[in-house]
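These notes are about the structure you will find just below.
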Amino acid sequence: MSASGGTKAIVAALAANLAIAVAKFVAFLFSGSSSMLAESVHSLADSGNQGLLLVGGKKAQREATPQHPFGYGRERYIYAFLVSIVLFSVGGMFAIYEGYEKIKHPHEIEAWYWPVGVLVFAIIAETFSFRTAIKESNQVRGTLSWKEFVRRAKAPELPVVLLEDLGALVGLVLALVGVSLALATGNGVWDGIGTLCIGVLLIVIAIVLAAETKSLLLGESAGVDEVKKIEAALVDNDTVTGIIHMRTLHLGPEELLVAAKISVQHDDTAGEVAAAIDAAEERIRAAVPIARVIYLEPDIYRESGRTTPAT
């Protein structure tokens, strides 16, 4: 994923959520709708989340140091994980608490045109943000389904923004339904039920985000296509005759570590093997440009030395 594509989607979401958060809070002050209060906190949390993603992207660009020799690429994963925590605690738990309080102590919605008008405005603004995220994701998604894209993406920004925007749109619809039913029946309990549904939705999205970013933090291998390209680039059927075993690891969304034990001819000289390794590294970087850290260990292939397939 290009960093510019992710940044564009984040900025679009940040601008939309800041405007929406202000509008929702104003509507809450005039109407007393708990759904509007929950949604204003939701939008404020989303704005903070986009800020976290921007900070993580900036920090990940720092140069490697002796203390962190592989760089800071995983900063983006850490900040994406923080997003899931904020969404769960600030967004989801607050909405559930507010919904429970409104059901326990319901009251009629005042100045109905404020929450309805703001919700319509928010749906339009969130649709624009969601459209931007979809457009940027389509440039890197390829043939993957949306579910596969969220699960397999090594750069966390676009999946996070996609899920946040989807959750925001569904939450707005739930809020609109809750407010509409409360206005139609004169029973504020419906407003509280809508708020509860928003809280459950946010917690589900937060759990999905936490699970995916946890996997990235633990360390994921290269994708299947990248592994095949690396394998094809490694073997030249001259000096490098095969791959005994290989491991890959994402040091960040756009930086890949490749470590492999390769088989060479038993009668090759040290100079020939060294030249073959240099050439293999060049072929790997040409085939998979994000393979920036490569360690190749030459060995004599033995039939009994077969190991697991490359990953």
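The values are calculated or read from the model by the stated rules, or taken from the named source; none is laboratory data. Please read these numbers as outputs of a predicted model, since none were measured by experiment. We place every Cβ from the backbone using ideal geometry, glycine too, and count neighbours over all the protein chains shown.
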message: Of everything in segment 107-131, what is under 28 Å from the mean Cα position of the chain (by Cα) and of a type outside the set (A, V, I, L, M)? Give them in sequence order.
response: 121, 126, 127, 128, 129, 130, 131
query: Taking segment 141-159 only, how many residues are in contact (Cβ under 8 Å) with a residue 24 or more places away in the chain and more than 20 Å from residue 50 (Cβ to Cβ)?
result: 2
query: Which residue, of 212, 297, 272, 220, is surrounded by fewer than 17 Cβ atoms within 10 Å (Cβ to Cβ) and in a helix (DSSP H, G or I)?
result: 272
message: Looking only at segment 255-269, filter to residues that are touching a Lys or Arg at 6+ places or on another chain (Cβ under 9 Å) and not polar (S, T, N, Q); which one of those is surrounded by the fewest Cβ atoms within 10 Å (Cβ to Cβ)?
response: 259
message: Checking the conditions here, which among 126, 108, 98 is in the same structural domain as residue 48 (by TED's automatic domain parsing), not in a helix (DSSP H, G or I) and not hydrophobic (A, V, I, L, M, F, W, C)?
response: 108
task: Those residues that are hydroxyl-bearing (Ser, Thr, Tyr) and in contact (Cβ under 8 Å) with a residue 40 or more places away in the chain, I need them from segment 13-44; list them, please.
output: 31, 33, 34, 35, 43
- request: Collect the residues in segment 68-88 that are of a type in the set (A, V, I, L, M) and either more than 14 Å from residue 217 (Cα to Cα) or in a loop (DSSP other than H, G, I, E, B) (or both), keeping them in residue-number order.
  value: 85, 86, 87
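Residue-wise test of (1) touching a Ser or Thr at 6+ places or on another chain (Cβ under 6 Å); (2) assigned to a helix (DSSP H, G or I); (3) surrounded by fewer than 21 Cβ atoms within 10 Å (Cβ to Cβ); (4) of a type outside the set (Asp, Glu).
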residue: 140; (1), (2), (3), (4): no, yes, yes, yes
residue: 144; (1), (2), (3), (4): no, no, yes, yes
residue: 148; (1), (2), (3), (4): no, yes, yes, no
residue: 151; (1), (2), (3), (4): no, yes, yes, yes
residue: 155; (1), (2), (3), (4): no, no, no, yes
residue: 160; (1), (2), (3), (4): no, yes, no, yes
residue: 166; (1), (2), (3), (4): no, yes, yes, yes
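Restricting to segment 175-196, give me the number of residues that are in a helix (DSSP H, G or I) and touching a residue at least 40 places away in the same chain (Cβ under 8 Å).
Number of matching residues: 14.
Matching residues to (1) in contact (Cβ under 8 Å) with a residue 24 or more places away in the chain; (2) within 16 Å of the chain's Cα centre (by Cα):
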site: 56; (1), (2): yes, yes
site: 69; (1), (2): no, no
site: 76; (1), (2): yes, yes
site: 83; (1), (2): yes, yes
site: 92; (1), (2): yes, no
site: 139; (1), (2): yes, yes
site: 161; (1), (2): yes, yes
field: Test result for residue 54, in contact with a helix residue (DSSP H, G or I) (Cβ under 8 Å, 6 or more places away or on another chain) and either within 30 Å of residue 293 (Cα to Cα) or not in a helix (DSSP H, G or I) (or both)
entry: yes
task: Output the qualifying pairs, or none if there are none: Cβ atoms under 6 angstrom, residues six or more apart or on different chains, first residue in segment 224-241 and in the same structural domain as residue 282 (by TED's automatic domain parsing), second residue basic (Lys, Arg).
output: 233/283
task: Hey, could you check segment 14-70 for residues that are charged (D, E, K, R) and touching a Lys or Arg at 6+ places or on another chain (Cβ under 9 Å) and say which is surrounded by the fewest Cβ atoms within 10 Å (Cβ to Cβ)?
output: 59
